[in-house]
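J.: This is the structure, below, for whatever I ask next.
The values are calculated or read from the model by the stated rules, or taken from the named source; none is laboratory data. Note that the coordinates shown come from a computational prediction; the quantities given were computed from them, not determined experimentally. Heads up, the Cβs are rebuilt from the backbone with ideal geometry, glycines too, and the neighbour counts pull from every protein chain shown.
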């Protein structure tokens, strides 16, 4: 009787441990990236890269489209970022991906950014042709959205292995937004850019770590 | 006197007494606080509907609980008594007739009441499809609700088809929401307004509501639609006519750069899925 009871207790504990590992696996995310504040302490820089295929060095899903973040000079695949509250965030996005097009053209105009404008290769604008959009940088509950213009199909030296070197064809998008109060915000891409998935919105568009993530404002 | 009654009579007496106690609480305490509040006539009507449903179900619930409590107390086997089979179950004509009559009456009443309520409020806040059976008689203020993964945007066809990321409505107007989707199935749920209408791609689902005084209301997607469904929410506002005029003029100026790219206003849209869609 006692031996049966002991076996039962051990079995229950083993199942509990397995469930714990399973939940930990499901809820565990990438280590958040925390930009280093500028010397003034009033702004931070966030440098990102968008690639058509993330490659085998950074993901088991090597064909998936993805955002990358630059941390201490190294490109990482992390879409969870920790930012200080009520602070200006200077964002630079190097986009190496082609044009996919927005399903809703309204999202081709920037909102929630300082001055209402952003820059493409240094040229200031407030909107782009929706068909030229490659991705968006959007934090909807902060009211922030910026369309990311895609690389022309016939551009020379297209990147084929992420992280993409700067020598390959890309567009540079820069803008600034201000974080508000502390909170846990989601961000996403609105362009249906997931090649090979139904309506372009599966796979990397529905998986944190690629075209979606969180902004932890602390 | 109690001991001379049959089990059925005792349970019936408990049901009547319990209902007499609970019913006033349901009508006067719980009822006025039922969701979704009284933000619009449709919402107020839904509060009434929920209260009526509670009133109808109260005697049945009390009966079931009374029966359960009675059985636990009276039919409990004495300690030490062996497990024996119960008495055979036989039909009881009066009980069967009473149960059938009361439940039939309740169901028929709810069917008639529900149908009447659906028509009385021009669709009761739910979408009536592109050609609703019940429509308001006067002028309506159209607002298009466009759902997409994962945000609602709004178009105002009487203001040049300007599209906005926030929903603002003028007070004291009959609003016609034209709800549609650009991708998956969503549901536009404006909680305090009492509006919940499905957003289907290629479909113009029309829902009517009359706004009252300035207020705020919560907007949520009520149809599981993917990764960020839980974040697909916003806060809408009902404002005075003058404030609305100021707001919409500002939005027309703000979104002028993108207006040329918007498709002509239509009941629904069929965007090119994408260059990459599988």
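J.: Residue under question is residue A:168, and the condition is that it be more than 9 Å from every other protein chain (Cβ to nearest Cβ) and within 24 Å of residue A:111 (Cα to Cα); does it hold?
T.: Details: more than 9 Å from every other protein chain (Cβ to nearest Cβ): yes; within 24 Å of residue A:111 (Cα to Cα): no.
Considered against the rule, which asks whether it is more than 9 Å from every other protein chain (Cβ to nearest Cβ) and within 24 Å of residue A:111 (Cα to Cα), residue A:168 comes out as no.
J.: Here's another thing I want to ask about it. What do you reckon, is residue B:244 crowded, with 17+ Cβ neighbours inside 10 Å and within 14 Å of another protein chain (Cβ to nearest Cβ)? Break it down stepwise before answering.
T.: Values: crowded, with 17+ Cβ neighbours inside 10 Å: yes; within 14 Å of another protein chain (Cβ to nearest Cβ): no.
When the stated conditions are applied, residue B:244 does not pass them.
J.: Looking only at strands (runs of 3 or more DSSP E) that lie completely in the stretch B:129-200, which have at least 3 residues being modelled with pLDDT of 95 or more and within 14 Å of chain A (Cβ to nearest Cβ)?
T.: Values: elements: B:141-148, B:151-156, B:162-164, B:168-170, B:174-181, B:186-190, B:195-199.
Passing ranges, in order: B:141-148, B:151-156, B:162-164.
J.: From B:161, B:194, grab the single residue that is surrounded by fewer than 24 Cβ atoms within 10 Å (Cβ to Cβ) and touching a strand residue (DSSP E or B) at 6+ places or on another chain (Cβ under 8 Å). Steps first, answer last, please.
T.: Numbers: B:194 fails: surrounded by fewer than 24 Cβ atoms within 10 Å (Cβ to Cβ).
Of B:161, B:194, the one residue that is surrounded by fewer than 24 Cβ atoms within 10 Å (Cβ to Cβ) and touching a strand residue (DSSP E or B) at 6+ places or on another chain (Cβ under 8 Å) is B:161.
J.: Scan the stretch A:81-115 for residues that are part of a strand (DSSP E or B) and either within 14 Å of residue A:49 (Cα to Cα) or away from chain B (no Cβ under 14 Å) (or both) and jot them down.
T.: To start, the set of residues in the stretch A:81-115 that are part of a strand (DSSP E or B) comprises A:81-83, A:88-95, A:98, A:109, A:111.
Within the stretch A:81-115, A:81, A:82, A:83, A:88, A:89, A:90, A:91, A:92, A:93, A:94, A:95, A:98 qualify.
J.: Take residue A:163 and tell me if it is more than 14 Å from chain B (Cβ to nearest Cβ) and either within 18 Å of the chain's Cα centre (by Cα) or under 15 Å from residue A:53 (Cβ atoms) (or both).
T.: Working: more than 14 Å from chain B (Cβ to nearest Cβ): yes; either within 18 Å of the chain's Cα centre (by Cα) or under 15 Å from residue A:53 (Cβ atoms) (or both): yes.
Considered against the rule, which asks whether it is more than 14 Å from chain B (Cβ to nearest Cβ) and either within 18 Å of the chain's Cα centre (by Cα) or under 15 Å from residue A:53 (Cβ atoms) (or both), residue A:163 comes out as yes.
J.: Mind telling me which of the residues B:233, B:268, B:242 ends up being in contact with a strand residue (DSSP E or B) (Cβ under 7 Å, 6 or more places away or on another chain), without any contact (Cβ under 8 Å) to a residue 24 or more places away in the chain and under 28 Å from residue B:40 (Cβ atoms)?
T.: Only one candidate qualifies: B:233.
J.: Exactly one condition in (1) in a strand (DSSP E or B); (2) more than 14 Å from chain A (Cβ to nearest Cβ); (3) surrounded by fewer than 20 Cβ atoms within 10 Å (Cβ to Cβ) is not met by residue B:249; state its number.
T.: For residue B:249, the exception is condition (1).
J.: Next question, about the same structure. Hey, among the residues in the stretch A:34-51 that are surrounded by 10 or more Cβ atoms within 10 Å (Cβ to Cβ) and at pLDDT below 75, which one's nearest to residue A:163 (Cα to Cα)? Steps first, answer last, please.
T.: Just the residues of the stretch A:34-51 that are surrounded by 10 or more Cβ atoms within 10 Å (Cβ to Cβ), to begin with: A:34-35, A:37-38, A:42-51.
Filter again for at pLDDT below 75, leaving A:35, A:37-38.
Working: A:35: 19, A:37: 24, A:38: 25 Å.
Only one residue fits best here, namely A:35.
J.: Which is assigned to a helix (DSSP H, G or I), surrounded by 10 or more Cβ atoms within 10 Å (Cβ to Cβ) and touching a helix residue (DSSP H, G or I) at 6+ places or on another chain (Cβ under 9 Å), of B:111, B:124, B:95? Break it down into steps so the answer makes sense when it comes.
T.: Working: B:111 fails: touching a helix residue (DSSP H, G or I) at 6+ places or on another chain (Cβ under 9 Å); B:124 fails: assigned to a helix (DSSP H, G or I).
That would be B:95, the only listed residue that is assigned to a helix (DSSP H, G or I), surrounded by 10 or more Cβ atoms within 10 Å (Cβ to Cβ) and touching a helix residue (DSSP H, G or I) at 6+ places or on another chain (Cβ under 9 Å).
J.: Among residues belonging to the stretch B:219-228 that are more than 8 Å from chain A (Cβ to nearest Cβ) and in contact with a strand residue (DSSP E or B) (Cβ under 6 Å, 6 or more places away or on another chain), point out the one that is surrounded by the most Cβ atoms within 10 Å (Cβ to Cβ). Even if it seems obvious, please write down each step before you answer.
T.: Taking the stretch B:219-228 first, the residues more than 8 Å from chain A (Cβ to nearest Cβ) are B:219-225.
From the residues that got through so far, the ones that are in contact with a strand residue (DSSP E or B) (Cβ under 6 Å, 6 or more places away or on another chain) too are B:219-223, B:225.
Numbers: B:219: 22, B:220: 18, B:221: 26, B:222: 17, B:223: 19, B:225: 21.
Within the stretch B:219-228, the match that is surrounded by the most Cβ atoms within 10 Å (Cβ to Cβ) is B:221.
J.: Do the conditions hold for residue A:145, that is, is it facing chain B (nearest Cβ under 10 Å), within 19 Å of the chain's Cα centre (by Cα) and under 26 Å from residue A:90 (Cβ atoms)?
T.: Values: facing chain B (nearest Cβ under 10 Å): yes; within 19 Å of the chain's Cα centre (by Cα): yes; under 26 Å from residue A:90 (Cβ atoms): yes.
So residue A:145 passes the test.
J.: Scan the stretch A:67-80 for residues that are surrounded by fewer than 18 Cβ atoms within 10 Å (Cβ to Cβ) and in a strand (DSSP E or B) and report the count.
T.: Looking only at that region, the number is 3.
J.: Residue under question is residue B:215, and the condition is that it be out of contact with any helix residue (DSSP H, G or I) (no Cβ under 9 Å at 6 or more places or on another chain) and more than 14 Å from chain A (Cβ to nearest Cβ); does it hold? Give the steps one after another, and end with the answer.
T.: On the way: out of contact with any helix residue (DSSP H, G or I) (no Cβ under 9 Å at 6 or more places or on another chain): no; more than 14 Å from chain A (Cβ to nearest Cβ): yes.
Here the answer is no, as residue B:215 does not meet what is asked.
J.: State which residue is farthest from residue B:19 (Cα to Cα) when the search covers only the stretch B:34-68 and only residues that are over 30 Å from the mean Cα position of the chain (by Cα) and in contact (Cβ under 8 Å) with a residue 24 or more places away in the chain. Outline the logic, then answer.
T.: Our first condition is that a residue be over 30 Å from the mean Cα position of the chain (by Cα); within the stretch B:34-68, this holds for B:66-68.
If we keep only those that are in contact (Cβ under 8 Å) with a residue 24 or more places away in the chain too, we end up with B:66-67.
Values: B:66: 10, B:67: 13 Å.
Among those that are over 30 Å from the mean Cα position of the chain (by Cα) and in contact (Cβ under 8 Å) with a residue 24 or more places away in the chain, it is B:67.
J.: Would you check which residues across the stretch A:116-132 are assigned to a loop (DSSP other than H, G, I, E, B) and touching a helix residue (DSSP H, G or I) at 6+ places or on another chain (Cβ under 8 Å) and list them? Step through it out loud before you land on a result.
T.: We begin by selecting, within the stretch A:116-132, every residue assigned to a loop (DSSP other than H, G, I, E, B); these are A:117, A:121-122, A:126, A:128-129.
Matches in the stretch A:116-132: A:126, A:128, A:129.
J.: In the stretch A:179-205, what residues are in contact (Cβ under 8 Å) with a residue 12 or more places away in the chain, within 7 Å of chain B (Cβ to nearest Cβ) and in a helix (DSSP H, G or I)?
T.: If the condition is that a residue be in contact (Cβ under 8 Å) with a residue 12 or more places away in the chain, within 7 Å of chain B (Cβ to nearest Cβ) and in a helix (DSSP H, G or I), then A:200 is the only one that fits.
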